[in-house]
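Please treat every number below as a calculation from the coordinates, not as lab data. All of these numbers come straight from a predicted model, not from anything done at the bench. Counting neighbours? That spans all protein chains shown, and the Cβs are built from the backbone with ideal geometry, glycine included.
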Amino acid sequence: MELFVVLLNLAAIIALPVLGFVCGSVAESRHYRSIRERESRWLDKPALTCRTPLDDSRTVARAEMAVGSVVVSVDYFKRILAQLRLFFGGELGAYASLVDRGKREAILRMREACPNADAYLNVRLQTSSLSRGERQMLGSVEVVAYGTAVTYAHGLHPEEAREDG
């Protein structure tokens, strides 16, 4: 009976991290698939870091602030791997994918906040880590994307707009 209890405890110790790894990998894979699908819809509407439009021959009809934010958490298994990596040194690959997903998702949410814009200018990203305390590991990352959503007056060039108005 004691052997059975020991084996059961050992199985739980092994099964829980494996279950965490599988569930975390599935969730991350689904999130990346969703990101890629949604990014493909926005290929014709650039998100640029420049302050002014690349093509200044078009008249800006509307400009508004666009903001998107997300908080993404790392799964428990990756947290354990990161603890080991901190001990031995090297890049924290688990957190690299966390930050990548956060940035891409925040930019998508910024675009989705102003879906009718033709371009997104002066796009900036701001990140912050969320943790429980000073000595504890990073648990989540918050990413905020913001920029100017620009809608052009379609068909009008600046000279034509001045003549009309």
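For Glu28, neighbours were defined as the other residues whose beta-carbon sits under 14 Å from its Cβ, and their charges (Lys and Arg +1, Asp and Glu -1) total +4. Given springs between every Cα pair under 10 Å in a Gaussian network model of the chain, which of Asp118, Asp75, Asp56 has the largest fluctuation? For the chain, modelled as a Gaussian network with Cα springs under 10 Å, the answer is Asp56. Peptides 84-94, 98-108 ranked from most to least packed give 98-108, 84-94, packing being the mean of other C-beta atoms within 10 angstrom over each peptide's residues.
Modelled label positions at Leu54 and His31, each set 7 Å beyond Cα in the direction of Cβ, lie 3.0 nm from each other. Working note: 222 nm ellipticity from helices only, DSSP H runs with n ≥ 4, each -39,500 (n - 2.57), summed and divided by the residues of the chain, gives -16500 deg cm²/dmol to the nearest 500.
Sorting the segments 34-41, 142-149 by their residues' average number of neighbouring beta-carbon atoms within 10 angstrom, most packed first, yields 142-149, 34-41. Computed log10 I(q)/I(0) for segment 2-164 at 0.15 Å⁻¹: -0.89, from the Debye equation with unit scatterers placed on every C-alpha and solvent omitted. Looking at the square roots a ≥ b ≥ c of the eigenvalues of the Cα gyration tensor of segment 4-57, which shape do they give, rounded for a/c under 1.5, prolate if a/b is larger than b/c, or oblate? In terms of gyration-tensor shape, prolate.
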